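Participant: Below are the structure tokens for one structure; questions will follow.
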Amino acid sequence: MPTALIIGASRGIGHELVRQYRADGWRVIATARKPEDIDSLTRLGAEAHALDVTDLDAIAGLGWKLDDEKIDTAWLVAGIYGPRSDGFPTQDDFDSVMHTNVLAAMRLLPIVAPLVASTRGKLGVLSSRMASIGGRNGANGSLYRASKAALNSVLRDTAITHGPQGATCIAFHPGWVQTDMGGSAAAISAEHSVRDLRATLANATPAANGSFLNHDGEPIPW
Ligand code: NDP
């Protein structure tokens, strides 16, 4: 039975990843920060751990818990959009978006990628098309865009470091998805997005290491 690790699984895309991998018979290790969300993940059959991705001690604790694990597929999902209004960002807004979307990845990926490399497995991070500099045609959500562009940089470094050991590491745009972040008017359901994300990552070969892909596998310019 293959093992999936989902970081940030309380709701939205992360929760749907847990649901679909469990439905396919995978062993699933998942994280959430609230006790009621950990209970809900346990009821789905996941091995659930408490993790606030901005908490350094909690990340170290997760590292200990995962020490001997061999992970076939890992997803780093946890993320926040930050302020909906554009303009002069407060220090608090900047810190919370950058700590959640970037600093957490810089701390978690060095722990997770070797566990994925040990199975010659796959690692996906939930970026956003809004991160793309080459394909950019709007400037709304500037802080979120900057954070996801920085996340893409962290993913490329992870791919360069851990790809040669066997991990295939990919940054994904999940689509505009009907979740708390995407809103009810979004283009696709979480079920649709996750079905595509899982298939695209499962079909990725080592040649895709270090790429930035839409949920359906279409490349996105950095
Ligand atoms: P949601 O807002 O529905 O869910 C966000 C998830 O991130 C929740 O599980 C939340 O946990 C978790 N999270 C946030 N901060 C932390 C933290 N400090 N520690 C642990 N977990 C945390 O978002 P989506 O499911 O829509 O998005 C998932 C990912 O996909 C995000 O990275 C997002 O940027 C990206 N994305 C989404 C798009 C969309 O249209 N929905 C489009 C492009 C990218 P909690 O419940 O505890 O808050």
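The values are calculated or read from the model by the stated rules, or taken from the named source; none is laboratory data. Because the structure is predicted, anything quoted here is derived from the model rather than measured. Positions of Cβ are generated from backbone atoms using ideal geometry, with glycine treated the same way; all protein chains shown enter the neighbour counts. Calculation scope for accessible area: heavy atoms of the full protein, side chains included, ligands and nucleic acids excluded. Shrake-Rupley method; radii C 1.70, N 1.55, O 1.52, S 1.80 Å.
Participant: So which residues in the stretch 102-154 are closer than 12 Å to C169 by Cα, outside any loop (DSSP other than H, G, I, E, B) and either open to solvent by less than 20 Å² (accessible area, probe 1.4 Å) or within 12 Å of the ligand (Cβ to nearest atom) (or both)?
Facilitator: Within the stretch 102-154, L109, V112, A113, V116, A117, L123, G124, V125, L126, N152, V154 meet the criteria.
Participant: A further question on this structure: Filter the stretch 169-185 for residues that are more than 7 Å from the ligand (Cβ to nearest atom) and either over 17 Å from A199 (Cα atoms) or aliphatic (A, V, I, L, M) (or both) and give the result.
Facilitator: Scanning the stretch 169-185 gives I170, A171, Q178, G183, S184, A185.
Participant: In the stretch 177-222, which residues are in contact (Cβ under 8 Å) with a residue 40 or more places away in the chain and part of a helix (DSSP H, G or I)?
Facilitator: Correct list: A190, E191, S193, V194, R195, L197, R198, L201, A202, P206, A208.
Participant: Within the stretch 82-93, is there a residue that is open to solvent by 40 Å² or more (accessible area, probe 1.4 Å) and either closer than 20 Å to P219 by Cα or within 11 Å of the ligand (Cβ to nearest atom) (or both)?
Facilitator: There is no residue in the stretch 82-93 that is open to solvent by 40 Å² or more (accessible area, probe 1.4 Å) and either closer than 20 Å to P219 by Cα or within 11 Å of the ligand (Cβ to nearest atom) (or both).
Participant: When the stretch 186-201 is examined, which residues are found to be open to solvent by 30 Å² or more (accessible area, probe 1.4 Å), within 10 Å of the ligand (Cβ to nearest atom) and within 15 Å of the chain's Cα centre (by Cα)?
Facilitator: none
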